[in-house]
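The values are calculated or read from the model by the stated rules, or taken from the named source; none is laboratory data. Small disclaimer: the values here were computed from a predicted structure and weren't measured. Virtual Cβ from ideal backbone geometry, glycine too; neighbours counted across all protein chains shown. Just so you know, the surface numbers come from the protein's heavy atoms only, side chains and all, with ligands and any DNA or RNA stripped out. Shrake-Rupley method; radii C 1.70, N 1.55, O 1.52, S 1.80 Å.
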Amino acid sequence: IPWHQDFKTGIGWPVVPFRRLDVLDLDRESDVKAPWELSRLQWLIPAGQAYLMTGDERYAQAVLEVIREWADANPIARGVNWASTMDVALRGVTMAWLFRVFHLSAAWRDDGFRHEFLKLLYLTGDFTSRHLEWSDVNGNHLLADAAGLVVLGLFFGEGEGPNSWQADGWRILEDELPKQVHADGVDFEASTAYHRLALELFLLPALYRRASGLDVPGVYSDRLRRMAAFIAAYTRTDGG
């Protein structure tokens, strides 16, 4: 898999410390979103769903092999797939979900793989906590960072690192919700696509907190309901 390449143009990025990469070079005929989207690993979710429905070990083995290949090709903090914390955080959320799905499978009970996987996931949380994408006007990048911190913090549970991740991430989400979402439930970026993304980034950590027995304030939940109502209003009857 061309993890460091825009597969549409064949142009790639070297595996060097991520701060040395200019991912915003507008003179390059390439799209850095190609490797970023690929490395979010969200395209593996259907394999997890198939495993949940069938129990077929081939899905568990296939996903294991992809993750092992990704880890070998993308050492911590090196290469284009560590250059955007948002993408690091979203990859962490995907990996946490995949572990919950596959952890009892025969392939994922391998101690060697499990150790390397959990180490990578922990370092993903640590990296995210150290490279939050603050801006003059915060948007979905910071939300993704915070969502990743909450999910990975709750995933690992006890410990100084995970406890601070989930607390810091949740604090950011609570602070940003009234800033980024108007009282009527519409995201400030005025984009239906970003609105849906923002809702998911606010919602998934809240659901995980509730599943973990932690509080989600009513004012937070109410704003999410208004966001969902806006999505219902702009969605056509055919789902488009």
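Listing for the model above:
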| quantity | calculated |
| --- | --- |
| Modelled FRET efficiency - R0 41 Å, GLU189 with ASP27, Cβ distances, 0.05 increments | 0.90 |
| For segment 85-175, diffusion coefficient by Stokes-Einstein and Kirkwood Rh (Cα), 10 °C, 1.306 mPa s, µm²/s | 119 |
| Å² of accessible area per residue within segment 201-240, as computed with a 1.4 Å probe and no ligands counted | 62 |
| Computed accessible area, VAL16, all protein chains, 1.4 angstrom probe, square angstrom | 40 |
| List HIS141, HIS115, ordered by accessible area with a 1.4 Å probe, largest first | HIS115, HIS141 |
| Spatial separation of Cα centroids for segment 98-152 and segment 1-80, in angstrom | 15 |
| Segment 160-228: C-alpha pair distances exceeding 16 Å, % | 45 |
| Accessible surface ranking that places the most exposed of LEU41, LEU214, LEU207 first, with a 1.4 angstrom probe | LEU207, LEU214, LEU41 |
| Calculated P(r) of the chain - Cα pairs past 33 Å, % | 20 |
| Rounded to the nearest 10 Å², the accessible area of PHE155 at probe 1.4 Å | 30 |
| Residue with peak Gaussian network fluctuation, the chain [Cα springs, cutoff 10 Å], from MET227, MET95, MET53 | MET53 |
| Choice from ALA71, ALA198, ALA146 showing the highest fluctuation, given a GNM over the chain with Cα pairs closer than 10 Å | ALA71 |
| DSSP-loop GluC sites (Glu not before Pro) across segment 123-181, with at most 13 other Cβ within 10 angstrom | GLU158 |
| For segment 119-240: span of alpha carbons on each principal axis (Å, largest first) | 45, 32, 27 |
| The chain: calculated mean residue ellipticity at 222 nm from DSSP helix runs of at least 4, using -39500 (n - 2.57) | -20500 deg cm²/dmol |
| Heavy-atom surface of segment 48-198, accessible at 1.4 Å and reported per residue (Å²) | 44 |
| Heavy atoms of LYS8: accessible area, 1.4 Å probe, square angstrom to 10 | 130 |
| Order of exposure, largest accessible area first, which applies to GLU116, GLU189 with probe 1.4 Å | GLU116, GLU189 |
| Alpha-carbon Rg with Dmax, taken over segment 1-138, Å | 15.8, 48 |
| Calculated P(r) of segment 139-195 - Cα pairs past 18 Å, % | 39 |
| Heavy-atom accessible surface of the chain: percent carbon and sulfur, 1.4 Å | 54 |
